[in-house]
Amino acid sequence: MSSPVIRKWPESRIRQFRRRLLSWYERHRRILPWRTQPTPYRVWVAEIMLQQTRVQTVLPYYTRFLERFPDPAALAAASEGDVLAHWAGLGYYRRARNLRQAAIGIVEQWQGRLPDTPERLASLPGVGRYTAAAILSIAFNQPQAAVDGNVRRIVRRLFGIAEAGEALTWELADSLLARRRARDFNQAFMELGALVCLPARPLCAVCPVRFLCHSGRRGCRPAVRRRSRPVQAGVEMFLLALACGEQIVIARQQNGGFIPGEWGLPGSTLRAAQQPLAAARRLARGILGRPPQLDLHAPVRHVITNRRILAHVCGASIKPPAPALAGAYAWAPQSSLVRIFTSSLFRKALAQVPALVGPQALLSSRTPLSR
């Protein structure tokens with residue numbers, strides 16, 4: 001299908017749009033940490049965290065992440081487990097892995113400084129066209145249009161387009177860009193979409209550019225194509241809580257698994273018609289070298305990205321001395337589990353077996369590493 005024919009604005013109208021938008025932004029912008037100190041590293045981390053995540057959700061994680069990893073060198077030197085632990089609760093964990101891998105490349109190739117060209121930025125894991133443009137404009141004030149979901153929606157309404165392809169949207173956004181103030185302009189554009197030009201019910205009455213906007217003047221909005229929500233796959237599994245005094249068995253997780261973190265409780269997904277207690281007994285026998293007396297406890301429900309997890313919890317108390325473990329299993333002090341476990345799924349499971357674990361293993365989400 002061919003792109004619609006759009007009449008671009010005259011320069012006088014574009015100048016008025018820029019002036020109104022920037023004036024509004026100066027009065028109404030939110031005070032955000034990456035705005036007050038827009039260094040390339042801080043802007044990069046913020047943009048990655050903000051992918052598919054709201055600002056208010058990101059803020060506490062951002063502050064904690066920057067305290068632990070203040071620059072690319074610190075991030076590159078950290079283990080994946082440490083990075084995931086400080087990301088825990090924010091979701092979409094591939095973003096954290098990409099950040100760490102990109103930081104390693106930044107240290108190795110560019111002496112720990114983020115590159116300032118679109119080509120080099122786009123070579124980093126997790127950095128696409130929008131993220132590269134956002135970093136270049138906000139951190140380096142380069143004249144780059146940055147089209148995120150907010151900007152895409154505003155452009156459609158400004159020009160009265162129900163649907164617009166990527167190429168046309170970027171072209172129109174670029175035509176409006178205040179090139180000498182790209183940092184402020186792009187953030188103002190995004191802020192307008194976040195605070196005023198809302199997806200379902202835009203606040204046209206308080207919009208600073210209403211009378212320049214096709215939809216605002218006509219009191220209507222172009223149809224917005226609704227994204228279909230990703231289908232959440234159901235996963236049924238079992239988890240083992242094998243305690244011996246103040247210690248508990250932990251398992252090294254496979255790379256690429258859907259549960260984040262390096263360590264977790266032993267367990268496995270269940271096949272159709274497979275009984276959780278029978279499957280748990282087989283795994284426990286393989287870990288300990290003898291069959292323990294397992295009890296089946298209440299299951300827990302958990303959601304990770306696009307998976308809905310039903311986890312059956314099986315627990316057993318092992319009489320001392322604790323048997324030696326080999327391979328992917330180890331004994332860990334219960335007091336260390338909050339630090340070791342990235343996913344709250346495992347803490348939910350332990351909460352079902354209070355007779356086996358102490359309160360130190362069940363600290364609330366207010367503990368920094370358990371968010």
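Just so it is clear, none of the values below were taken in a lab; they were calculated from the coordinates. This is a predicted model, so every value here is computed, not measured. Quick reminder, even Gly has a Cβ in these numbers, built from the backbone with ideal geometry, and neighbours come from all protein chains shown.
What relative contact order, as a whole-number percentage, does the range 233-370 give when Cα pairs under 8 Å and 6 or more residues apart are counted?
Numbers: 265 pairs, mean separation 44.6, N = 138.
Relative contact order comes out at 32 percent.
Using all C-alpha to C-alpha distances in the range 233-370, build P(r) with 10 Å bins and read off the rounded percent in each one.
12, 47, 35, 6, 0
Under the rule of -39500 (n - 2.57) per DSSP H run of 4 or more residues, summed and divided by the residues of the chain, what mean residue ellipticity at 222 nm is obtained, to the nearest 500 deg cm²/dmol?
Details: 16 runs with 159 residues, N = 371.
Roughly -12500 deg cm²/dmol at 222 nm, from the helical runs in the chain.
Once the convex hull of the C-alpha atoms of the range 147-301 is built, how many Å³ does it hold per residue, rounded to a whole number? Please list the in-between numbers first.
On the way: hull volume 35.5 nm³, N = 155.
With only Cα atoms used, the range 147-301 gives 229 Å³ per residue.
Under a Cβ-only charge scheme (Lys and Arg +1, Asp and Glu -1), can you give me the dipole magnitude of the chain about the Cα centre, in debye to the nearest 20? Intermediate results must be reported in sequence, preceding the final value.
Working: 54 positive and 21 negative charges, 329 e Å.
Taking the Cα centre of the chain as origin, the dipole is about 1580 debye.
How big is the dipole moment of the range 233-370 about its Cα centre under a simple scheme where the beta carbon of each Lys and Arg is +1, that of each Asp and Glu is -1, and everything else is neutral? Debye, nearest 20, please. List each step's numbers first, then the result.
Numbers: 14 positive and 4 negative charges, 37 e Å.
Value, rounded to 20: 180 debye.
Could you check the simple spin-label distance between K319 and Q274, using points 7 Å along Cα→Cβ, in nm with one decimal?
A separation of 3.1 nm, rounded to one decimal place.
In percent, what relative contact order does the range 38-142 have, based on Cα pairs under 8 Å that are 6 or more apart in sequence? Working shown, then result.
Numbers: 103 pairs, mean separation 33.6, N = 105.
After rounding, I find 32 percent.
Please report the Cα spread of the chain along all three principal axes, rounded to whole Å, starting with the longest.
82, 46, 37
Take every DSSP beta bridge with both residues inside the range 233-370 and express the antiparallel ones as a percent of the total, to the nearest 5.
Among the beta bridges of the range 233-370, antiparallel pairing accounts for roughly 60 percent.
Take peptides 269-275, 66-72, 130-136 and line them up by average Cβ neighbours within 10 Å, highest first, as a rough protection proxy. Please list the in-between numbers first.
Details: 269-275: 10.6, 66-72: 17.1, 130-136: 23.6.
Result, highest mean Cβ count within 10 Å first: 130-136, 66-72, 269-275.
To the nearest µm²/s, what D does Stokes-Einstein give for the range 38-142 at 10 °C and 1.306 mPa s, using the Kirkwood radius over alpha carbon pairs as Rh? Numbers along the way, then the final one.
Details: Rh = 13.5 Å.
D = 117 µm²/s.
Between A349, A188, A162, where does the largest GNM mean-square fluctuation fall for the chain, given springs only between Cα atoms within less than 10 Å?
A162
Could you tell me the relative contact order of the chain? Use alpha-carbon pairs under 8 Å, at least six residues apart, and round to a whole percent. Each step should come with its number before you reach the end.
Details: 565 pairs, mean separation 57.4, N = 371.
Computed over the chain, the figure is 15 percent.
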